[in-house]
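The next block holds one structure in the form of structure tokens; read it before the comments.
The values are calculated or read from the model by the stated rules, or taken from the named source; none is laboratory data. Keep in mind the model is a prediction, meaning the values are calculated, not measured. Every residue, glycine among them, receives a Cβ derived from its backbone with ideal geometry; neighbour counts consider all protein chains shown. Calculation scope for accessible area: heavy atoms of the full protein, side chains included, ligands and nucleic acids excluded. Shrake-Rupley method; radii C 1.70, N 1.55, O 1.52, S 1.80 Å.
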There are 4 protein chains.
Amino acid sequence: MSNRSAVLYGTTDLRVEERPRPQAGPGEVLVRVEAVGICGSDVHYYDHGRIGDYVVEGPMIIGHEAAGTVVATGDGVDPGLQGTLVALEPGVPCRVCEQCRAGRYNLCPDVVFFATPPVDGAITGEVTLDAAFAHPAPAGLDAEQAAMAEPVSVGVWASRKAGVGPGDRVLVTGAGPIGLLAAQVARAFGAREVTVTDVSDFRLGVARQLGLIARSAKEPYDSEYDVLLECSGAPQALTAAMRAMARAGRVVLIGMGADTVPVEVPLIQSRELTLTGTFRYANTYPVALELIASGAVDVTTIITHRFGIEQTEDAMTIAKRDPQALKAMVLPQT
Amino acid sequence: MSNRSAVLYGTTDLRVEERPRPQAGPGEVLVRVEAVGICGSDVHYYDHGRIGDYVVEGPMIIGHEAAGTVVATGDGVDPGLQGTLVALEPGVPCRVCEQCRAGRYNLCPDVVFFATPPVDGAITGEVTLDAAFAHPAPAGLDAEQAAMAEPVSVGVWASRKAGVGPGDRVLVTGAGPIGLLAAQVARAFGAREVTVTDVSDFRLGVARQLGLIARSAKEPYDSEYDVLLECSGAPQALTAAMRAMARAGRVVLIGMGADTVPVEVPLIQSRELTLTGTFRYANTYPVALELIASGAVDVTTIITHRFGIEQTEDAMTIAKRDPQALKAMVLPQT
Amino acid sequence: MSNRSAVLYGTTDLRVEERPRPQAGPGEVLVRVEAVGICGSDVHYYDHGRIGDYVVEGPMIIGHEAAGTVVATGDGVDPGLQGTLVALEPGVPCRVCEQCRAGRYNLCPDVVFFATPPVDGAITGEVTLDAAFAHPAPAGLDAEQAAMAEPVSVGVWASRKAGVGPGDRVLVTGAGPIGLLAAQVARAFGAREVTVTDVSDFRLGVARQLGLIARSAKEPYDSEYDVLLECSGAPQALTAAMRAMARAGRVVLIGMGADTVPVEVPLIQSRELTLTGTFRYANTYPVALELIASGAVDVTTIITHRFGIEQTEDAMTIAKRDPQALKAMVLPQT
Amino acid sequence: MSNRSAVLYGTTDLRVEERPRPQAGPGEVLVRVEAVGICGSDVHYYDHGRIGDYVVEGPMIIGHEAAGTVVATGDGVDPGLQGTLVALEPGVPCRVCEQCRAGRYNLCPDVVFFATPPVDGAITGEVTLDAAFAHPAPAGLDAEQAAMAEPVSVGVWASRKAGVGPGDRVLVTGAGPIGLLAAQVARAFGAREVTVTDVSDFRLGVARQLGLIARSAKEPYDSEYDVLLECSGAPQALTAAMRAMARAGRVVLIGMGADTVPVEVPLIQSRELTLTGTFRYANTYPVALELIASGAVDVTTIITHRFGIEQTEDAMTIAKRDPQALKAMVLPQT
């Protein structure tokens, strides 16, 4: 049986081709992949062939924000899972190391993560995954929504790191897909108010449509924030936003881009700001799926483009061509 | 009765002169000041006439690391306190604002703090203070040790912010008085091992004498740390030390000096480091005094110089003249 | 000017009479009281003349869930507050003791609390309060809603103690006013689902009307809960609910009534349950007001009865006469 | 080769007999067992054939506080481990379930734990264990000290649960082996003072010898404690000690024995005490070993009796015969 896959051979060299169909090993499920969101990191691998120390050295199937239906189960897995729509948590940790035992499995140095070289990703017909990382979607969700559990997980992790709760005024810098999701998640954590900034009027319009406060990143801040979720990756956004933080404020760096940012030490000290970053997520999928299912986080509005697997390269490049693109979704079965 | 005081008139203009003797108001104690440590911030005011937005605009008594004996009590204060040796917590907050009510009184915007312009400090014969901030010293402590509760408090606050405990490998960059005290405090919090770095062989020798691991700041790191207490204020020390942090490591910025430091975002993200700063301290004095009294923190070894009040200017400048100076103590009654 | 007040002289001896009109001292506001909710503790004082060690020994104005309009301001208070609707946080702590300095001002042993003997309460024409504890109501709130910030605060404190957040299945035992509010607050903290139990069909009906899951306290539990907010005060409710807790579950005892409850140690140990209690609240009023203003917590549905000040005794006894009474409100200006 | 083992067949039916020598499977080490401490739970199985729902239904090797030397390694394990002294963490969790992924592997429902029916324990010549749970002992430790990492882990877990740190006055009720170790661990966490109570003068004498404050359990408390580590399992000890807790105190139930204890709700509420229990431990072994190696926790003084494997039954019963018995150690190679 065919297993059509989107394979990255190197910088801007993406080919859709047949790959062997995998089989579910012990403890695994075999999943027919129905929706895979394109993430900035996928595009970065496509554009540059690497992210930091991770280099695409051989052909690698791309994509890691995936969902689909279980079609087979390996030894030790409940066969009743067949037919279930699952969101695929893309990183399976070693479970043995100090980080795993401490519950910080996202920091496991030996994690096997979809589409992080040399591990194959999920834009393919069928894929295998450890059953514990294939999370059943609540009733009513479709595959696209379930696939969005991945970027929503980024938001859940950020709100947990920041300790978002009622009373908090939350600022989200950057209204791309991650920012728009992280902002909605912060609201679901009970935040008193959530403000999103961006330079794009289109994106600010989507933020408003999602019920968020939207303001231009060009305007100076005129109020104080308890939490900053930095999703733009722009050093100047971070600098300006940190000056708007209230005493004891918490800053989470989510956006990538800058290697080094200048941080004002007297600001951190005199207000006792806390600053941290997120690396993927741990124990977030069930919560993310539940936030999508309850409607607390609207993911559908953010999915602006859909492609069949043969058009995966278009999905990779849509963000450059269309300023109104947010999340592009590849549907591998079409 | 005379109240001889060390008064800063402006940059490098320090005069020892008579000042009116204060009286204990309601809720206050009157304390005969017996020992006042000289802090880097005192020296900074002496050298530059300002620290950031705080400018010495009129004559101000200097000094804030003080201890002495209660000689009178105001209305509502137990008269039995007379004759008690007390460590003077130098900042009295408003107790009304949001920060005070949340227990973060160190972040109170209306705090009245010794020797922070325009508030007079404690190098004087007698001084008044809110009784709740005059902490009785445990039996056996002398005034110099009690005065050291202030810089020890900085260390207690840092170890609390970092959550230091058994299992933690702690790195302290900078072996000045604050670094040497913060390192001992971290050990008292149960840290598995505490390493201190500096460029001065003399300071590293004192660190070793205090039972700490000492290593040159010039050598590259060859192991990982869970906690960094940055006490040097040097950006390059921070950069090098952050690269030596273990996953989920915690960084506390204590040292002042640099306005802006370059921070590597991928490092913070991929290891999920947490970075914060300290601004003074809250609820630390009883613990600090107890650590000194139990011998867990040796403060006496760090007191390298003593001066009478007439020599306060010498105390301010000793650090520049003598590379083997650590903490200079002014004894206002001599 | 008259200052009509509801004064408790002893067990079931409540008299409405004139009292001197107070004046705002330094730091205080004078508030025209417009709404005061009747709390179970008020009724307990009325019925029994005491609660534990607190005994009504002389005449005491009753009531502590109050809101009204600022009509005068004392020295040091912004006169612009006049005309503002404020919710009155009923306990003013000493601000000096260890508990206050640590931010746990609800545990201050010297707190002065409305209608806790011998301190007068708030069912009176005008009352004074420390301005820092008179919380301006957000736009759109009326006095009744603002007065409800007190029981909502109990819920906020409970959800904070329990660390309620997304993913949590919350069980609330007891659907009286506190239970119905605590349940709504837990939902606003992001709880995945909130289930309320009671023996009263009427109360369960109100719970459903508020969008909560309602189930009879007589039915055995068939699922697991991460958080228990015990609001019934019934030992058997606690025992049954604790057996339904998931591993690492958190239990908060809010309801009063039982002096001693039997707790199963093997249950606490084998599941590592955490159990704590709430005593009033700290730093909750702004959040409580905001939850009411946003509509996240519907307080109006819970207010089932309203009385003029002359009918305060009816307000005290309505719960006994009418099984469909939830919160009774006294409007002192009517 | 022989594999002499102490096998429990049922109530007070313990036989020492040959068992097949196991082989290290993939990821496992084979360890020559050199020391195994006898725990109260071992004695309980010996005396009663069960602990709660865990029933000894077939022959089971007893003992779970073990250490020894690695003599062989399975596939995927560094062969260089051979010859290393290791402490054996007795419970290997499933690593897949929700509890494991959250870092709470001690609450894993599928944990495989030495000498918990039907899993064989460690009083045997050689035993296999997952390599990740065989913790290398620091230099200088002998096998008996390494075996004590198990009960020391109980203390580490308790101090973590209680958040013990500098400033805390800690009360430990019960001066058996667990109490004496938990008390020393609390001191190593920086506790301001640690008081141990018991009814046995002998045990109180050992407590004093270990540098702890010791007082008779019969005397009423005359001071306040921030932390209670309940190690006696006696309900009356818990009741008395809870009344001695300071506001915001933390109580940890470690001792077993009572099924149900009466808890005073007004006490928990008015002081906002927090009460929890411990079930084994997670991520404690490296810390426990380090505390033993540094001398912070003296385990040797607590080992009062040693037996060869043929005398295992004597080790089980020594506590009943000798009131001066604390920890009995079985040395399976002798």
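Here are some notes:
- Selection status of D:ARG203, over 20 Å from the mean Cα position of the chain (by Cα) and away from every other protein chain (no Cβ under 14 Å): no
- Tally, over the range C:192-207, of residues that are surrounded by fewer than 24 Cβ atoms within 10 Å (Cβ to Cβ) and more than 23 Å from C:ILE318 (Cβ to Cβ): 3
- Restricting the range A:291-302 to residues that are open to solvent by 10 Å² or more (accessible area, probe 1.4 Å) and not in a helix (DSSP H, G or I), the residue that is farthest from the other protein chains (Cβ to nearest Cβ): A:ASP298
- Per-region count, the range D:274-315, residues in contact (Cβ under 8 Å) with a residue 40 or more places away in the chain, over 19 Å from D:PHE114 (Cβ atoms) and either touching a Cys at 6+ places or on another chain (Cβ under 7 Å) or of a type in the set (Asp, Glu) (or both): 3
- Elements of the type helices (runs of 4 or more DSSP H) sitting completely within the range C:190-273 and holding at least 1 residues that are in contact (Cβ under 8 Å) with a residue 40 or more places away in the chain: these cover C:201-209, C:235-243.
- Verdict on A:PRO20 being out of contact with any strand residue (DSSP E or B) (no Cβ under 7 Å at 6 or more places or on another chain) and within 14 Å of chain D (Cβ to nearest Cβ): no
- Failed item in (1) open to solvent by 50 Å² or more (accessible area, probe 1.4 Å); (2) assigned to a strand (DSSP E or B); (3) among the hydroxyl-bearing types (Ser, Thr, Tyr), with A:SER2 passing the rest: (2)
- If you go through the range B:155-170 and keep only what is away from chain D (no Cβ under 11 Å) and either in a strand (DSSP E or B) or buried (at least 24 other Cβ atoms within 10 Å of the Cβ) (or both), you end up with B:TRP157, B:ALA158, B:ALA162, B:VAL170.
- Residue among B:ALA328, B:ALA246, B:ALA288 that alone is surrounded by fewer than 24 Cβ atoms within 10 Å (Cβ to Cβ) and among the small types (Gly, Ala, Ser): B:ALA246
- Selection from the range B:185-200 of residues that are within 14 Å of chain D (Cβ to nearest Cβ), of a type outside the set (Gly, Ala, Ser) and over 20 Å from the mean Cα position of the chain (by Cα): B:ARG192, B:GLU193
- Taking the listed residues B:ASP142, B:ASP130, the one that is of a type in the set (Asp, Glu) and touching a strand residue (DSSP E or B) at 6+ places or on another chain (Cβ under 6 Å) is B:ASP130, with no other qualifying.
- Complete set of residues in the range A:76-132 that are among the charged types (D, E, K, R), within 14 Å of chain D (Cβ to nearest Cβ) and either open to solvent by less than 40 Å² (accessible area, probe 1.4 Å) or over 18 Å from the mean Cα position of the chain (by Cα) (or both): A:ASP78, A:GLU89, A:ARG95, A:GLU98, A:ARG101, A:ASP110, A:ASP130
- Look at the range D:5-28: where a residue is at positive phi and in contact (Cβ under 8 Å) with a residue 40 or more places away in the chain and a partner is small (Gly, Ala, Ser) and surrounded by fewer than 17 Cβ atoms within 10 Å (Cβ to Cβ), sitting 6+ places away or on another chain with Cβ atoms under 9 Å, you get D:GLY27/D:GLY76.
- Each residue in the range B:227-243 was checked for being within 21 Å of B:ARG169 (Cβ to Cβ) and surrounded by 20 or more Cβ atoms within 10 Å (Cβ to Cβ), and 10 of them qualify.
- Some residue of the range D:253-260 being modelled with pLDDT under 95, open to solvent by less than 50 Å² (accessible area, probe 1.4 Å) and within 14 Å of chain C (Cβ to nearest Cβ): yes
- Test: B:PRO235 is more than 7 Å from chain A (Cβ to nearest Cβ) and not polar (S, T, N, Q): yes
- Candidate set: the range D:267-285, residues that are open to solvent by 10 Å² or more (accessible area, probe 1.4 Å) and of a type in the set (A, V, I, L, M, F, W, C); chosen: the one farthest from the other protein chains (Cβ to nearest Cβ): D:LEU267
- Considering the range C:38-75, and only residues there that are acidic (Asp, Glu) and surrounded by fewer than 15 Cβ atoms within 10 Å (Cβ to Cβ), the residue that is modelled with the lowest pLDDT turns out to be C:ASP53.
- Filter result for A:ALA182 (within 14 Å of chain C (Cβ to nearest Cβ), over 22 Å from A:ALA319 (Cα atoms) and touching a residue at least 60 places away in the same chain (Cβ under 8 Å)): no
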